[in-house]
Amino acid sequence: MAGRPRPGGERGQAGGRRGAGLRWWPRDCCSGLGGLDYSEVDVTAMARLFSYVDMTDSGFIAAVLSIAFNPFFWNVVARWEHKTRALSRGFGSPHTACYCLGAVILLLNCVRSHCFTEAMKSQPKLEGLDSHWAYYSGLAIMAVGTLFVISSFLALGFTGTFLGDYFGILMEAKVTCFPFSILDNPMYWGSTAVYLGWSLMHASPAGLLLTAVVAISYTIAVLYEGPFTEEIYRQKQKGAKSN
């Protein structure tokens, strides 16, 4: 949900969506991940980060569960709707059903953000990040992420953002304007950037780890959403050609 599909199988984050990164370098850069020399990776920073986080803390666990649950929920419900049209029948129309699901997704995102913030508050700060430069860097990253989220929503509209294609509300043309012109899944990655910036502003190692969980959950969501959405628009094209 946090990002939504673009016609022709491309999306923008459910709750919206698209997964990929910036397209400013060749795809074969560094020969892919296989070209990296992992023996040169310094793991001391990561080890230090983990040492600051109590992953058994109930607040941290609640945040992880809320992060993982959201994309799971909207993907399961959206696919169920696409298969049965039960929500559309129950609410009287696809648009009403989509608006209601969108409202639920927004509520779940608020719960996720609350759990994320509470988890940060309950854990210690990282001294090296508790500085002005980290705070303002986080603020800048958060601003960029917010820009991506808002501009994605404006480009896709409500139904385009909140799984309208699963309700049969398909877009007529591929969205190519900003931010889709520079980034795939800008709503997903914009949301991730917001959490990253928020974590830096709070000098929170717990927040940084939770941000990684957000990124992983969106990456998995994209792997499931992308092919399914492509098939939806493929069927639409077949239907148009047969008419």
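Any read-out appearing in this document is the output of simple, stated calculations on the displayed coordinates, not a laboratory observation. If you're wondering where the values come from, they're calculated on a predicted model, not measured in any experiment. Ideal geometry is used to build each Cβ from the backbone, glycine not excepted, and the neighbour counts take in all protein chains shown.
Figure legend: label point modelled 7 angstrom from the Cα of S51 along Cα→Cβ; residues of segment 119-152 with amide N under 14 Å from it are 126-128.
Projecting the Cα positions of Y233, L200, Y188 onto the charge dipole of segment 125-243 (unit charges on Cβ atoms of Lys, Arg, Asp and Glu, taken about the Cα centre) puts Y233 furthest along the positive direction.
Taking 10 °C and 1.306 mPa s as the conditions, I'd like the Stokes-Einstein D for segment 141-243 in µm²/s, using the Kirkwood hydrodynamic radius from alpha carbon pairs. Working shown, then result.
Working: Rh = 15.1 Å.
This corresponds to a translational diffusion coefficient of 105 µm²/s.
Summary of packing: across the peptides 122-133, 156-167, 74-85, the per-residue average of other C-beta atoms within 10 Å ranks them, highest first, as 156-167, 74-85, 122-133. For segment 77-149, a Kirkwood hydrodynamic radius built from all Cα pairs, placed in the Stokes-Einstein relation at 4 °C and 1.567 mPa s, yields a translational diffusion coefficient of 83 µm²/s. For the pair L154 and V111, label points projected 7 Å from Cα toward Cβ lie 3.1 nm apart.
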